[in-house]
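Read through the structure below, which is laid out as structure tokens, and then see the notes.
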Amino acid sequence: MSQALESAISAIDWAQAISDVQRFLPVKEQTGLRQWHADLFLYHARRLGEYMGQPG
């Protein structure tokens, strides 16, 4: 995975990101935001890199 992408994901203020997105989601969909954190997005970015044939 690209160091730039990993750095960008790690630099996000996840509490602020959740707050920014929450208002656009129906109440029943907002519970999924509890899972938002750097580890989740780093995991999926690495998986995408593997799928595209790029080492993690």
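Overview of results
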read-out: All positions within segment 3-30 that are open to solvent by less than 80 Å² (accessible area, probe 1.4 Å) and not aliphatic (A, V, I, L, M); value: Glu6, Ser7, Ser10, Trp14, Ser19, Asp20, Gln22, Pro26, Gln30
read-out: Residue pairs meeting the criteria (Cβ under 8 Å; at least 6 apart or on separate chains; first within 14 Å of Asp39 (Cα to Cα) and of a type in the set (S, T, N, Q), in segment 1-17; second open to solvent by 70 Å² or more (accessible area, probe 1.4 Å) and part of a loop (DSSP other than H, G, I, E, B)); value: none
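The values are calculated or read from the model by the stated rules, or taken from the named source; none is laboratory data. No experiment lies behind these values; they were computed from the predicted model shown. Glycine also receives a Cβ, built like all others from the backbone with ideal geometry; neighbour counts cover every protein chain displayed. Please note that ligands, DNA and RNA were not included when accessible areas were found on the heavy atoms of the full protein model with its side chains. Shrake-Rupley method; radii C 1.70, N 1.55, O 1.52, S 1.80 Å.
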